[in-house]
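> Take this structure first; my questions come after.
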Amino acid sequence: MTIDQHTKLYGVVGHPIGHSLSPTMHNAAFYATRVNAVYLAFDTTDIEGCIKGIKALGIRGMSVTIPHKSAVIPFLDELDALAEQIGAVNTIVNNHGFLTGYNTDAVGALRALEEKVELEGKTCVIIGAGGAARAIGFILKNHGVRLSISNRSVESGENLARYLDCSFVPLAEIENVSMDILIHSTPVGMYPHDEQCLIPREILTKEMVVMDIIYNPLESTLLKRARSQGCLTVDGLGMFIHQGAEQFRLWTGLEAPVEIMRGEVEQALRVGT
Ligand code: NAP
């Protein structure tokens, strides 16, 4: 594909950003659909300056990642209703200088789970109380899931549980809770600390669906334990691909080539980029 005077620019802003697989995923999608665009990674702590740059240079769309997902909100012109309710933005669409913020993490997690399990009426414990747990909890609640939150810090766990109008379970007491779905939503177990896991094997029973939103490694220690106990497992790559597919749709109006995006990211994970 030729880069020329018509090529549109997209990207991701965050800090640090060196680990991001978003450029791999989105450039594969642009290439496969013959959209004349490129997607780059920008490592920045200056989110206000970044927003000015997006407008000044006519950058068409931006992914937003840690630590800017909430900090970016005051600089945008408009928020989509879901992003406003969640209080975090992971996607910016630039429509002729008018910037709208969206949250596609929630939809990404929902689609990844729905590929494996019917959600309505299920009980679910989310471990973690950060931005990802908030987005996932919000959308699952709206899809009829009966939620509990568990977290290391009781204060932030209780705050999220209050926001989601659900119960809080201290991490140390999680073995006393029965659940259909367990979602791990903290960085514990991420490369290079692959051996770490917050969940003891004994609480994983074969009737449970276990999702880990970490995708590097693709099969975390938690998912290995869950698989060995006979649980249905959902890795974090599904969420990552589906949130990216929704970004692609918002930016281009086209359906995303999901399987191509997944294949490219899996390949990058295998070679360790
Ligand atoms: P965050 O806002 O920084 O939240 C981190 C959460 O993890 C907090 O609840 C924190 O508990 C908990 N935590 C951190 N270290 C811990 C430890 N050593 N022991 C126990 N709990 C610990 O992060 P986030 O944005 O929610 O993201 C969480 C993870 O999800 C990250 O690894 C991120 O890469 C991944 N993620 C994946 C996707 C995807 O598409 N698959 C999308 C978004 C995020 P305290 O409150 O006690 O500090």
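The values are calculated or read from the model by the stated rules, or taken from the named source; none is laboratory data. Keep in mind that this is a model prediction, so the values were computed, not measured. Here Cβ is always computed from backbone atoms with ideal geometry, including for glycine, and neighbour counts include all displayed protein chains. These accessible areas exclude ligands, DNA and RNA; they are computed on the full protein's heavy atoms, side chains included. Shrake-Rupley method; radii C 1.70, N 1.55, O 1.52, S 1.80 Å.
> List the residue pairs whose Cβ atoms are under 6 Å apart, where the first residue sits in region 82-108 and is farther than 15 Å from A133 by Cβ, the second is open to solvent by less than 10 Å² (accessible area, probe 1.4 Å) and part of a helix (DSSP H, G or I), and the two are 6 or more positions apart or on different chains.
Matching pairs, first to second residue: V89/A83; T91/Q247; N94/I54; G101/A83; Y102/A83; T104/Q247.
> When you check I149 against the structure, is it closer than 21 Å to D235 by Cβ, in contact (Cβ under 8 Å) with a residue 24 or more places away in the chain and in contact with an Asp or Glu (Cβ under 9 Å, 6 or more places away or on another chain), yes or no?
Numbers: closer than 21 Å to D235 by Cβ: no; in contact (Cβ under 8 Å) with a residue 24 or more places away in the chain: yes; in contact with an Asp or Glu (Cβ under 9 Å, 6 or more places away or on another chain): yes.
For I149, the condition - closer than 21 Å to D235 by Cβ, in contact (Cβ under 8 Å) with a residue 24 or more places away in the chain and in contact with an Asp or Glu (Cβ under 9 Å, 6 or more places away or on another chain) - is not met.
> Residues that are in contact with a Cys (Cβ under 9 Å, 6 or more places away or on another chain) and open to solvent by 40 Å² or more (accessible area, probe 1.4 Å): which helices (runs of 4 or more DSSP H) entirely in region 8-106 hold 1 or more of them? Before the answer, list the steps.
Values: elements: 22-33, 47-57, 81-86.
Answer list for region 8-106: none.
> How do the pairs read when you match residues in region 185-213 that are within 13 Å of G230 (Cβ to Cβ) with residues anywhere that are surrounded by 14 or more Cβ atoms within 10 Å (Cβ to Cβ) and of a type in the set (V, I, T), using Cβ under 6 Å and keeping only pairs 6 or more apart or on different chains?
What qualifies is V209/V117; V209/I181; V210/T233.
Each row is one residue, and each column tells you yes or no for (1) in contact with a Lys or Arg (Cβ under 9 Å, 6 or more places away or on another chain); (2) within 16 Å of the ligand (Cβ to nearest atom); (3) over 21 Å from Q247 (Cα atoms).
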residue	(1), (2), (3)
F75	yes, no, no
L79	no, no, no
D105	yes, yes, no
L110	no, yes, no
V154	no, yes, yes
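> Related question: Could you list, in sequence order, the residues of region 133-147 that are within 16 Å of the ligand (Cβ to nearest atom) and open to solvent by 20 Å² or more (accessible area, probe 1.4 Å)?
Hits for region 133-147 are R134, F138.
> Which of the residues that make up region 107-132 are open to solvent by less than 30 Å² (accessible area, probe 1.4 Å), in a loop (DSSP other than H, G, I, E, B) and out of contact with any Leu (no Cβ under 8 Å at 6 or more places or on another chain)?
Matches in region 107-132: G128 only.
> Next question, about the same structure. On the basis of being part of a helix (DSSP H, G or I), open to solvent by 80 Å² or more (accessible area, probe 1.4 Å) and not hydrophobic (A, V, I, L, M, F, W, C), does E195 make the cut?
Criteria not met by E195.
> Can you tell me which residue within region 168-190, out of those that are more than 10 Å from the ligand (Cβ to nearest atom) and assigned to a loop (DSSP other than H, G, I, E, B), is least open to solvent (accessible area, probe 1.4 Å)?
Ranking the qualifying residues of region 168-190, first place goes to M179.
> Can you name the residue in region 230-273 that is among the polar types (S, T, N, Q) and assigned to a helix (DSSP H, G or I) and, of all such residues, is surrounded by the most Cβ atoms within 10 Å (Cβ to Cβ)? Spell out how you get there, then give the answer.
Kept after step one, since they are among the polar types (S, T, N, Q), are these residues of region 230-273: 233, 243, 247, 252, 267, 273.
Retained after the next criterion (residues that are assigned to a helix (DSSP H, G or I)): 243, 247, 252, 267.
Details: Q243: 26, Q247: 29, T252: 18, Q267: 12.
Here the residue is Q247.
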